[in-house]
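J.: So that we are looking at the same thing, I have put the structure below in structure tokens.
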Amino acid sequence: MIHSTHVKGIIGEMEFTIHLLKKGYVILRPINPNSSYDLVIEKDGLYTRLQIKYLTPKNGRLRVEFDRPKRKIGLYQERGVDAMGIYDSMNDTFYLIPLDKFKNKSGIWIRISQAKNGQIRNINSAIQYSI
């Protein structure tokens, strides 16, 4: 079934929420639907503001955007988001990407399967962000 972008966003948030609850996180949701983050998660006294993305891999990779160029609102980290929560809809897997590792970048590719050409250098392996 093909879902609209809005429905994909809802599914991504719900799947990520359930996944984190099972891992022992406390989940907080902003009252304002226009907040720059979708969830705040807490574990062991550490709070993290997350923007959740529902993504489908292409050629063994996921493209994670750190901004919204069509809306011209700037980088998520400049708007109070600490990390991107990625829901890989095809593989039902979850990744948590801290934005402080990627200052001033508009996005990255994360590889979920080995490159066909065998490249291993300069690859953002998804496994390191698995949650």
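J.: Is there any pair with a first residue in the range 41-65 that is part of a strand (DSSP E or B) and a second that is surrounded by 12 or more Cβ atoms within 10 Å (Cβ to Cβ) and among the basic types (Lys, Arg) whose Cβ atoms are under 7 Å apart and which are 6 or more apart or on different chains, and what are they?
T.: Short answer, once both residue conditions are applied: 54/8; 61/111; 64/53.
J.: While we're looking at this one, here's another question. Tally the residues that are free of Cβ contacts under 8 Å to residues at least 60 places away in the same chain and among the charged types (D, E, K, R), restricting the search to the range 1-40.
T.: Residues that pass the stated criteria total 4.
J.: In the range 4-36, how many residues are in contact with a helix residue (DSSP H, G or I) (Cβ under 8 Å, 6 or more places away or on another chain) and in a loop (DSSP other than H, G, I, E, B)?
T.: 1
J.: Name the residue that is nearest to residue 87 (Cα to Cα), counting only residues in the range 1-49 that are surrounded by 12 or more Cβ atoms within 10 Å (Cβ to Cβ) and among the small types (Gly, Ala, Ser).
T.: 12
J.: Name the residue that is modelled with the lowest pLDDT, counting only residues in the range 50-93 that are surrounded by fewer than 16 Cβ atoms within 10 Å (Cβ to Cβ) and of a type in the set (A, V, I, L, M).
T.: Filtering the range 50-93 for residues that are surrounded by fewer than 16 Cβ atoms within 10 Å (Cβ to Cβ) and of a type in the set (A, V, I, L, M), the one modelled with the lowest pLDDT comes out as 73.
J.: List every residue pair whose Cβ atoms sit under 9 Å apart, with the two residues 6 or more apart in sequence or on different chains, where the first one lies in the range 103-115 and is aromatic (Phe, Trp, Tyr) and the second, anywhere, is part of a loop (DSSP other than H, G, I, E, B).
T.: Partner pairs satisfying both residue conditions: 109/123; 109/124.
J.: Something else about it: From the residues in the range 96-109 that are modelled with pLDDT under 85 and assigned to a strand (DSSP E or B), which one is surrounded by the most Cβ atoms within 10 Å (Cβ to Cβ)?
T.: Taking the candidates together, the pick is 108.
The values are calculated or read from the model by the stated rules, or taken from the named source; none is laboratory data. The structure presented is a predicted model; accordingly, all values stated were derived computationally and were not measured. Because the Cβ atoms are built from the backbone with ideal geometry, glycine has one as well, and the counts that use them run over all protein chains shown.
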